[in-house]
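K.L.:
Starting off with a structure, shown below.
The values are calculated or read from the model by the stated rules, or taken from the named source; none is laboratory data. A quick note: this is a predicted structure, and the numbers were derived from the prediction, not measured. Glycine gets a Cβ as well: all are built from the backbone with ideal geometry, and neighbour counts include every protein chain shown. Surface accessibility is based on the protein's heavy atoms, side chains included, excluding ligands, DNA and RNA. Shrake-Rupley method; radii C 1.70, N 1.55, O 1.52, S 1.80 Å.
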Amino acid sequence: MPLSVYLNVAVGGVLTGLVYGLMALGLSVIFGVVRVVNFAHGEMMTVAMYIAIVTFAWFHLDPLILLVPIAAVLFVFGYALQASLINPFITRPEHSQFLLLVALAIIIANTLLIIFGPDARAVQTAYAYDSFQVGPVIVDAAKIYAGAAAIVVTVALFAFFRLTLLGKAIRACADNHTGALVVGLDVERLYALTFGLGAACVGAAGSMLVLITDATPMVGPGYTLLAFVIVITGGLGSMPGALLGGVLIGVTEAIAGLLFTPSAKSMFAFAILVLVLLFRPRGILGKRPA
Amino acid sequence: MLRVENLDVFYGDVQALDGVSLDVEEGAIVAIVGANGAGKTTLIRALAGMQRELRGRIVFRGRDIAGWPSHRVCNLGLGQVAEGRQVFPTLTVAENLDIGAMLPRARALSARNRERVLAMFPVLAERSRQAAGTLSGGEQQMLAIARCLMGAPELIMFDEPSLGLAPKIALGMLETIRELNGDGLTCLLVEQNVALSLKLASRAYVLENGRVTLAGSGAELLADDRVRSAYLGL
Amino acid sequence: MPIFEMPYVLVGDIAYDPATHDLSVEVAKAKATGAEALLVISRLNDAMLLTRELVKQRWTPQGIMSLGPGWYEDQYLKTLGRLADGPISFIPWYDPHKKLSRMLEAELAKTHPGVNLNTDHVYTFEALLVAADAYKRAGSSDPKALADAIRATNITDNASVGPGIQFDAKGQNDKVRGAAVQNRGGKLVTLAPKQAANAKPEWPMNSYLGRG
Amino acid sequence: MIARLRAGPASRRAIPLAILLAAFVFAPFFVNDYLLTVLILILYFAYAGQAWNIMMGFAGQLSLGHALYVGLGSYVAATLFTHFGIGPWLGLLVAIPIAAACGAVIGYLAFRFGVAGVYFAILTIAFAEFARIGFDHLDYVNASSGLFLPVKQYAHNDLWLLRGDPTMFYYVILAATVFAFVLCRQLLHSRIGYFWLAIREDEPAARAAGINTFRYKMYAVMVSAAVTSFAGVFYAFFYNNLFPEQVFSISRSIEIILGPIIGGIGTLFGPILGAFVLTGLAETLNAVMGAFGLDLPGAKQVFYGVCLLLVVLALPDGVWPPLARRLGLSEGKQ
């Protein structure tokens, strides 16, 4: 096979991986701070995708513009969820949290099913079928926009955590929970804020993902699993790790699909996950617990 | 300034504090003395709003704060330098101080307080960009105190401030507490070095098995035979 | 892969995960084989994903031949618009020249404008036709008489492709013939078999480039 | 503690347990086909839930990928049957070591390399997914087209080949559920059970007390996997068709887990009660929604989700522990 094919596929894998990485970043942020694994992550993203699809259908607003309001909507959703339902579960055992979030996931996915039916839906932007040609490489326009937006959102989030007082306070909570209580941080509110931010990441990722792929009400679990694979590969709780994991998984799947049969490509993502867990149990960029 | 009346704290079926009452007057240094497991840390956690299942009254600056969450307690001016220092290890020294000043009561005073604490602990200024986890034990204790001061407290509870420090640094730490008190800060001190803390204290309480068994001025307790034999090894 | 006596070479065989959301690698791989035509078996969502990738990767094979659902469905035609033109589906179909087919088409256009007549409609209709015919011949609703009547069905005036409806010993309608149907301008034209054809195949299909 | 467990409410539990068992034994004489199928489903989940509970409830190792062992059991038995005509009971003798070996591999990789907690849970999902895609490409078992067991009309029930009417399947799964219950009870009251509980409560402390935590965690995974594999054998012969997409899917794993969590993790009776609550709930919803003509796709699942949510909010320890306290049937301190 000519090299250009590999190049094409790899570039596509990187760009898609960035969007997946952004989605996984949400999961990572939530787990890193709140220590709750969001088993409803994929379903939250499905909600974002449907908001984008409906808004596009009604107002013909481009998902790239919708990214901000959709992220805001998901932020509010995540904040409310943490403040109301999840905060009392922080100290409960993992299986209890798991049940809570699985119940939520079931409710969300099936509510979407009732409203939208089982058929796949997509947005048809003006550039839905565009691609750019650079030498031998043809790149999907929507993927470029989505990948770029994923980078922008991640950088913004990174800046928020490094530069703002609120961001530092959230990092402080993740760093030392007792310490946060000692200095008088309102930990429950910061947790809600964190869950909101994680949800906003998912919202942004979802509104970009509709540029690349269709949505059905039942795609959630697949994305939740993908997010798990990515964050654990990259390092749960590490922000650059999530993006790196996303790109790594995206490229691996793409190249594996090219070399072997595409139907088995996600097996290679799991293979990478297993290898990473064995040799760096905290992920590529994850830190060992103090 | 702080009055505790009949405080009971339970952990499940186990009673950790039993009818504890005590008074901390404004400007005083009050010491709590007791063996390990007597309930000293539980008392501090209860006062700080970190142990909220309790009975009794905790009146601070005229308000009953029993059962309040810690962030509201802190914002009323009741600060804490906790056991084990509890700094944020991956945040820089400067960021740790920023977090200390996040209380609504302290935000406006942030710049002035920062100058004050850095003048008090110059080493923190030198290390401001270093991650707190890389500091030595003594430096971390300074950071914990400085971070607490950033919150503009009126009363600070110290839980074992000299624990795990070299003797010379430990002495310096207690000296720092005396200085802070001299500047008008009220202090509640839990300290393993009983002799020194009683010397510093204007008033002291002995806590045994969750109960206050003895109270008096620091000098009185220093002279008390029971204290001398149980805690001073004399 | 079974080898058939065909004047064609199968240059590749690509299986994909039906749960996938992205078929770019699959299309890139197919394109790289240099194949002249694409033989596809996929469902509606995958058909749309595949088409979108063909456009984006700027590859128009000479023809796309589908052996499954998806490519001729109304949802496909509606969603993809002008990009839906070209694929040929090999499926059970109706004979557009038959009288009943024309009646059905006209009736559907009146009650559900914009919906193309398809095999589902026609087969449902023919099922009713078989039932009504059997009832008429049996002259009663006695189950046994009805079953016997159904077994003796011999309808020649029907809608689907082929000489009519008749059941063999196993209960299969062995008179049914497959058809080749091509998407053209949001409609479906029949290319084969000859007696049902109402259009000549468009081959090679028009390039995706410039269809917009 | 041993004395309390044995002499305590155990004897008081014997009578209600006997009544319950009798009710199950005679149930097929009083229910119609539909209810019998529901009972089979309940017992199936009760069995699988108990198997999972050994690993999570007793030893504290959260597995979210138990569909792996169900799938292995069903594929091994079904393959032996369709390819070589070997019946399910001999097949089970092959399925058990295979499932246990897979559990051992996962356990070894995780416990040796310090993969614990959430990471371990996700590793278990990863292996189940790995198997799903792998079997999807395994032509020997018909890959994604699915494996079908030959279905014929049988003149009489053949217990040896597990071919027959639902009543036979009912008694088979009932016997299996009783077996699992007794096994769990024996395990829990044995040395190994105490070590498991110690590990669940505080692993470092257990290690400090001289327990070889690695070995006992391995036992937990292997026993749980082996017991689960029979659920797969049963599944294959009851439903007669297997698709990797279905038997290995995450939702299969979740189905198995919900029962014990709802019923009460780590208890003996919780998984059984949980299976009743969940399957009963699902079927009741079916009936109610059917009666009101509400067959909106998804509506049932939304109600189901809401019920799960309410249970987990109201009963953090599951349904059984508070119920047992009220009935005076507590299983003692666990």
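K.L.:
Over the heavy atoms of residue D:94, what accessible area does a 1.4 Å probe trace out, to the nearest 10 Å²?
P.N.:
Its accessible surface works out to 60 Å², give or take rounding.
K.L.:
With θ taken as phi - 60° and the coefficients 6.51, -1.76 and 1.60, list the Karplus ³J(HN,Hα) couplings across the stretch B:17-31 in order, rounded to whole Hz; mark glycine and proline as x.
P.N.:
Taking θ as phi minus 60°, the curve returns 10, 9, x, 6, 10, 7, 10, 10, 7, 4, x, 8, 10, 10, 9 Hz for the stretch B:17-31.
K.L.:
Continuing with the same structure: Is there a quick way to get the dipole size of the protein assembly as shown? I mean about its Cα centre, with the Cβ of Lys and Arg at +1 and of Asp and Glu at -1; what is the value in debye to the nearest 20?
P.N.:
The dipole magnitude comes to about 720 debye.
K.L.:
Please give the peptides D:62-72, D:270-280, C:127-137, A:47-57 ranked by average Cβ packing (other Cβ atoms within 10 Å per residue), highest first, as a rough proxy for protection.
P.N.:
D:62-72, D:270-280, A:47-57, C:127-137
K.L.:
While we're on this one: Using the Karplus curve 6.51 cos²θ - 1.76 cosθ + 1.60 with θ = phi - 60°, work out ³J(HN,Hα) for each residue of the stretch B:189-205 in order, rounded to whole Hz, and write x for Gly and Pro.
P.N.:
So the J values, rounded to whole Hz, are 10, 10, 8, 6, 7, 5, 4, 5, 5, 5, 5, 6, 7, 7, 9, 8, 10.
K.L.:
Could you grab the Rg to Rh ratio for the stretch A:80-145? Cα atoms only, Kirkwood for Rh. Don't skip to the answer; put the middle values down first.
P.N.:
Details: Rg = 20.4 Å, Rh = 16.0 Å.
Radius of gyration over Kirkwood radius for the stretch A:80-145 works out to 1.27.
K.L.:
To the nearest 0.05, how large is the calculated FRET efficiency for residue D:207 and residue A:115 if R₀ is 60 Å and r is the Cβ-Cβ distance?
P.N.:
Using R0 = 60 Å, I get an efficiency of 0.70.
K.L.:
Continuing with the same structure: Counting partner chain Cβ atoms within 10 Å of every residue's Cβ in D:119-130, what's the average?
P.N.:
So the per-residue partner count for this stretch is 6.
K.L.:
When only alpha-carbon atoms are used, what values of Rg and Dmax, in angstrom, describe the stretch B:69-169?
P.N.:
Both quantities, over Cα of the stretch B:69-169: 12.7, 37 Å.
K.L.:
Same structure, new question: Averaged across orientations, what area in nm² does the convex hull of the alpha carbons in the stretch D:185-261 project?
P.N.:
Dividing the Cα hull surface by four gives the mean projection, 6.5 nm².
K.L.:
At q = 0.11, 0.12, 0.14, 0.15 Å⁻¹, work out log10 I(q)/I(0) for chain C with the Debye formula, treating every Cα as an identical point scatterer and leaving solvent out; two decimals please.
P.N.:
Values, matching the q order: -0.63, -0.73, -0.92, -1.00.
K.L.:
Here's a follow-up. Please sort B:109-115, A:138-144 by packing, taking for each peptide the average over its residues of neighbouring beta carbons within 10 angstrom, highest first.
P.N.:
Final packing ranking: A:138-144, B:109-115.
K.L.:
Further question on the same structure: Principal axes first, then extents: for the Cα atoms of chain B, list largest minus smallest coordinate on each axis, whole Å, largest first.
P.N.:
47, 38, 32
K.L.:
So what is the calculated 222 nm ellipticity per residue for chain B, using -39500 (n - 2.57) for each DSSP H run with n of 4 or more, over all residues, to the nearest 500 deg cm²/dmol?
P.N.:
Values: 10 runs with 89 residues, N = 234.
So the helix-based figure for chain B works out to -10500 deg cm²/dmol.
K.L.:
Using a 1.4 angstrom probe on the protein heavy atoms only, could you order A:209, A:236, C:209, A:244 from most to least accessible area?
P.N.:
So the residues, ranked largest to smallest area, are C:209, A:244, A:236, A:209.
K.L.:
Within 10 Å of each Cβ in D:103-115, how many Cβ atoms from other chains are there, averaged over the peptide? Don't skip to the end; give the middle numbers.
P.N.:
On the way: counts 0, 0, 0, 1, 0, 0, 3, 3, 0, 1, 5, 5, 6.
Across D:103-115, the average partner-chain Cβ count within 10 Å equals 2.
K.L.:
What average count of beta carbons from other chains do you get within 10 Å of the Cβ of residues in A:2-9?
P.N.:
Mean inter-chain Cβ contacts per residue within 10 Å come to 3.
K.L.:
Also: Based on the Cα coordinates of the stretch B:123-234, what is the per residue volume of their convex hull in Å³?
P.N.:
About 126 Å³ per residue, rounded to a whole number.
K.L.:
Tell me, what ³J(HN,Hα) does each residue in the stretch C:187-199 have, in order and in whole Hz, if you take phi through Karplus 6.51 cos²θ - 1.76 cosθ + 1.60 with θ = phi - 60° and put x for Gly and Pro?
P.N.:
Those phi angles translate into 10, 10, 10, 9, 9, 7, x, 3, 5, 9, 5, 10, 7 Hz.
K.L.:
In nm, to one decimal, how far is the modelled label at residue A:280 from the one at residue D:89, with both set 7 Å along Cα→Cβ?
P.N.:
Modelled inter-label distance: 5.3 nm.
K.L.:
I would also like to ask the following. Convex hull volume of the Cα atoms in chain A, per residue, in Å³?
P.N.:
In chain A, the Cα convex hull volume per residue is 135 Å³.
K.L.:
At a 1.4 Å probe radius, which order do C:72, D:170, B:11 fall into by accessible area, largest first?
P.N.:
These residues rank, largest area first, as B:11, C:72, D:170.
K.L.:
Let me ask another. To the nearest 10 Å², what's residue C:165's accessible area with a 1.4 Å probe?
P.N.:
Answer for residue C:165: close to 10 Å² accessible.
K.L.:
Sticking with this one: For the pairing of chain A with chain C, what total accessible surface becomes buried, with a 1.4 angstrom probe, in square angstrom to the nearest 100?
P.N.:
On the way: alone 13650 and 12650 Å², together 23910 Å².
Chains A and C together bury approximately 2400 Å².
K.L.:
With a 1.4 Å probe and all protein chains kept in place, how do D:217, A:287, C:194 rank by accessible area, largest first?
P.N.:
The most accessible residue leads, giving C:194, A:287, D:217.
K.L.:
Let me ask something else. Could you list which residues have their amide H under 5 Å from that of residue B:32, counting only those 5 or more apart in sequence or on another chain, with H placed in the peptide plane?
P.N.:
The list, which skips near neighbours in sequence, is B:189, B:190, B:191, B:205.
K.L.:
Take the Cα radius of gyration of the stretch B:1-95 and divide it by 2.2 N^0.38 Å, with N its residue count; two decimals is plenty. Display every interim value, and only then the final one.
P.N.:
On the way: Rg = 14.1 Å, N = 95, 2.2 N^0.38 = 12.4 Å.
Cα Rg divided by the expected 2.2 N^0.38 Å: 1.14.
K.L.:
Taking 7 Å along the Cα-to-C-beta vector as the label spot, tell me the residue A:59-residue A:155 distance in nanometres, rounded to one decimal.
P.N.:
Distance between the two pseudo-spin positions: 2.7 nm.
K.L.:
At each listed q (0.20, 0.22, 0.31 Å⁻¹), what is the log10 of I(q)/I(0) that the Debye formula gives for the stretch C:165-212 modelled as equal alpha-carbon point scatterers?
P.N.:
The computed values of log10 I(q)/I(0) come out as -0.76, -0.83, -1.11.
K.L.:
What percent does the relative contact order of chain D come to when contacts are Cα pairs within less than 8 Å and at least six residues apart? Could the numbers behind the result be given before it?
P.N.:
On the way: 487 pairs, mean separation 107.2, N = 334.
Relative contact order here is 32 percent.
K.L.:
Can you pull the percent of the protein assembly as shown's accessible area that's carbon plus sulfur, 1.4 Å probe, other chains left in place?
P.N.:
Exposed carbon and sulfur together represent 62 percent of the surface.
K.L.:
What FRET efficiency comes out for residue B:129 versus residue A:90 if R0 is 25 angstrom and r is the Cβ-Cβ distance? Round to the nearest 0.05. If you can, show how the numbers build up before the last one.
P.N.:
Details: r = 32 Å, r/R0 = 1.30.
Rounded to the nearest 0.05, the efficiency is 0.15.
K.L.:
While we're here: Within 10 Å, count the other beta carbons around each residue, average over each peptide in A:27-37, D:242-252, A:182-192, D:184-194, and list them highest first. Provide the component values of the computation, followed by the final result.
P.N.:
Numbers: A:27-37: 24.7, D:242-252: 20.6, A:182-192: 23.1, D:184-194: 16.5.
Those peptides, ordered most packed to least, come out A:27-37, A:182-192, D:242-252, D:184-194.
K.L.:
Here's another thing I want to ask about it. Quick one: helix A:63-81 against the long Cα principal axis of chain A, what's the angle to the nearest 10°, folded into 0 to 90?
P.N.:
That works out to roughly 30 degrees.
K.L.:
Tell me the volume per residue, in Å³, of the convex hull enclosing the alpha carbons of the stretch C:99-166.
P.N.:
Per-residue hull volume (Cα only) is 92 Å³.
K.L.:
At R0 = 30 Å, how high is the FRET efficiency between residue B:14 and residue B:229 if r is their beta carbon distance? Nearest 0.05 is fine.
P.N.:
0.60
K.L.:
To the nearest 20 Debye, how big is the dipole of the stretch C:99-166 about its Cα centre, given +1 on the beta carbon of each Lys and Arg and -1 on that of each Asp and Glu?
P.N.:
Details: 7 positive and 8 negative charges, 26 e Å.
Result for the stretch C:99-166 is approximately 120 debye, rounded to the nearest 20.
K.L.:
State the antiparallel share, in %, of DSSP beta bridges confined to the protein assembly as shown, rounding to the nearest 5.
P.N.:
65
K.L.:
State whether the stretch D:242-316 is rounded, prolate or oblate according to the following rule on the C-alpha gyration tensor (a ≥ b ≥ c being the square roots of its eigenvalues): a/c under 1.5 gives rounded; otherwise a/b larger than b/c gives prolate, and the remaining case gives oblate.
P.N.:
Verdict is oblate for the stretch D:242-316.
K.L.:
Taking 40 Å² as the minimum loss, tell me which residues in the stretch A:258-290 lose that much accessible area going from the chain by itself to the full protein complex (1.4 Å probe).
P.N.:
The answer is A:262, A:263, A:265, A:267, A:270, A:274, A:277, A:278, A:281, A:282.
K.L.:
For residue A:166 paired with residue D:156, estimate the spin-label separation in nm (one decimal), with each label point 7 Å from Cα along the Cα-to-Cβ line.
P.N.:
Using points 7 Å along Cα→Cβ, the separation is 7.7 nm.
K.L.:
PRE reach from residue C:203 (point 7 Å along Cα→Cβ): which of the stretch C:58-92 fall under 13 Å by backbone N?
P.N.:
C:62-66, C:87-90
K.L.:
On to the next question. Under a 1.4 Å probe, what is the accessible area of chain A per residue, stated in Å²?
P.N.:
Ligands and nucleic acids excluded, the figure is 33 Å² per residue.
K.L.:
While we're on this one: Rule-of-thumb check for chain D: C-alpha Rg over 2.2 N^0.38 Å?
P.N.:
Its radius of gyration relative to the 2.2 N^0.38 Å reference: 1.00.
K.L.:
Only Lys, Arg, Asp and Glu count, each charged at its Cβ (+1, +1, -1, -1), so figure out the dipole size of chain B about its Cα centre, rounded to 20 debye.
P.N.:
540
K.L.:
What share of Cα pairs, in percent, lie more than 43 angstrom apart in the protein assembly as shown?
P.N.:
Within the protein assembly as shown, distances greater than 43 Å cover 50 percent of Cα pairs.
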